Structures are given as structure tokens and as C-alpha cells.
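Step one of this worksheet: look at the structure below.
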Amino acid sequence: DAGVIQSPRHEVTEMGQEVTLRCKPISGHNSLFWYRQTMMRGLELLIYFNNNVPIDDSGMPEDRFSAKMPNASFSTLKIQPSEPRDSAVYFCASSWAGQGSYNEQFFGPGTRLTVL
Amino acid sequence: SQQGEEDPQALSIQEGENATMNCSYKTSINNLQWYRQNSGRGLVHLILIRSNEREKHSGRLRVTLDTSKKSSSLLITASRAADTASYFCATDDMRFGAGTRLTVKP
């Protein structure tokens, strides 16, 4: 397996533009997580899905952020409109979850987003 | 939130020495996990310890869990320069603390 795949790896955009980040989890995993990492705020859990259903989106900063998982092999995180404070590295991770606990997470390489 | 909090924030040691970092959490857990992050990369899973386990080993890593104190420790023995990284713990809700930044000097 190629591991968790994220695209793009780098994104530079201007304030106000729509940004879409993509993630392909490891085949067979039933849970997917989106994280954001900055120096100031550390590693924040934005949202996670179990069996393609959003379980906890309390970490999504505001309505400008939305995430979808239309099927078990694909998820998107969209920011519309983007702002400079959204600049960060966004990680996607997947794992197998059973009986209320999560097992080892596998992280993607991240998308480095810069909003000018 | 069950978010784990790592301590110390930063640790600098010489190659060959042991490194110990700690994690504290607030509520009861099913398991606790430790991860490593090299600069600019995604986190890599190191070890998972379940609530009914007290100690677990993996190579040069030793993890302990004290559920009565709601704390865990990660010991890296005979450290190497390649161990330089940030180390994070996470509990059931998969939220991470600020991490411990370990620097191992050659």
C-alpha cells in the first residue's frame, strides 16, 4: 500500500480564494482524521470520520471550513474563502477503529498551505 | 477533552544518554499512543499501550502507563542523533498536545 496520499503537497493562494485539500486513506481503514499544525497552535484535530460519517467536527475553526468523505477512499477539506491565518500544514491520517477505540494512525505527508 | 499533554516542552541530551518524556491526561482511557514527528513530516506511530497494561517495550523504547496518576512516560534508551524529533502522546480522542522537542547531540 502506498500509505495515506495527500494532494497537493504545497498550495499557495491568495486571500479569498477557495482551497481544496484531498486525501486518500489506506485501503481497509474505516477512520479518517484531518489535522492542522501551526507553530502557534500546535497540532489541532479538525474533524474525523468513521465509516465515512463525520463523528466530531468540533475542531473545525469556523463555517469557512468544510469536510466531506463521499466514499471510503476519498476525503476533501475545503476552505472558502481562505484567509492568511489559515496558513498551516494540513495532515490527513487514517486508522482502523473498533469497539470505541482507535488504533495506530497512519499520517500522510501533509499539505503546506500558504494564503497570501 | 482527554487530550494528552507532554512534558517537558524541550529536552536536549548527548548521544548515548537516555531520554524520558511524560504525558498526562484528564479522564479515563482505553489506550494511549506515542508518536514521533521529524521536522516537516507527518507523525509516525511508535507504540500503543492499553489501559490494562503497565509497561510495554519496542526496541529502545519503553512506555509505562499509570492510570491512577493519569500519566504515561516514554523512555528512549541509548539515544542517537536520529532520534531528534518531536514526540507526542494521544489518548482515545486522538487529540495531541504540544509535544516534547527532543534534541540529541552527536
Practice problem: Have a look at B:101, B:60, B:95, B:54 and point out the one that is at pLDDT 95 or above, of a type outside the set (A, V, I, L, M, F, W, C) and under 30 Å from residue A:111 (Cα atoms). | Solution: B:101
Quiz prompt | Single match in A:106, A:91 (criterion: at the interface with another protein chain (Cβ under 9 Å from one of its Cβ atoms), buried (at least 19 other Cβ atoms within 10 Å of the Cβ) and over 12 Å from the mean Cα position of the chain (by Cα)) | solution = A:106
Quiz item: Does region B:26-45 hold any residues that are among the aliphatic types (A, V, I, L, M) and either over 15 Å from residue B:72 (Cβ atoms) or surrounded by fewer than 14 Cβ atoms within 10 Å (Cβ to Cβ) (or both), and which are they?
Solution: B:43, B:44
Quiz item: Can you tell me which of B:11, B:48, B:74 is closer than 27 Å to residue A:41 by Cβ, within 12 Å of chain A (Cβ to nearest Cβ), hydrophobic (A, V, I, L, M, F, W, C) and open to solvent by less than 50 Å² (accessible area, probe 1.4 Å)?
Solution: B:48
Quiz item: Is it fair to say residue A:82 is crowded, with 20+ Cβ neighbours inside 10 Å, touching a residue at least 40 places away in the same chain (Cβ under 8 Å) and within 14 Å of another protein chain (Cβ to nearest Cβ)?
Solution: no
Self-check item: Unique residue being within 12 Å of chain A (Cβ to nearest Cβ), under 11 Å from the mean Cα position of the chain (by Cα), open to solvent by less than 40 Å² (accessible area, probe 1.4 Å) and not basic (Lys, Arg) when the list is B:89, B:23
Solution: B:89
Practice problem: With respect to residue A:74, determine if the residue is open to solvent by 50 Å² or more (accessible area, probe 1.4 Å), farther than 18 Å from residue B:45 by Cα, in contact (Cβ under 8 Å) with a residue 24 or more places away in the chain and of a type in the set (Phe, Trp, Tyr). | Solution: yes
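The values are calculated or read from the model by the stated rules, or taken from the named source; none is laboratory data. These figures come from a predicted structure and were not determined experimentally. In this analysis, Cβ positions are derived from the backbone assuming ideal geometry, glycine residues included, and neighbour counts consider all displayed protein chains. Heads up: the accessible areas ignore ligands, DNA and RNA and are worked out on the full protein's heavy atoms, side chains in. Shrake-Rupley method; radii C 1.70, N 1.55, O 1.52, S 1.80 Å.
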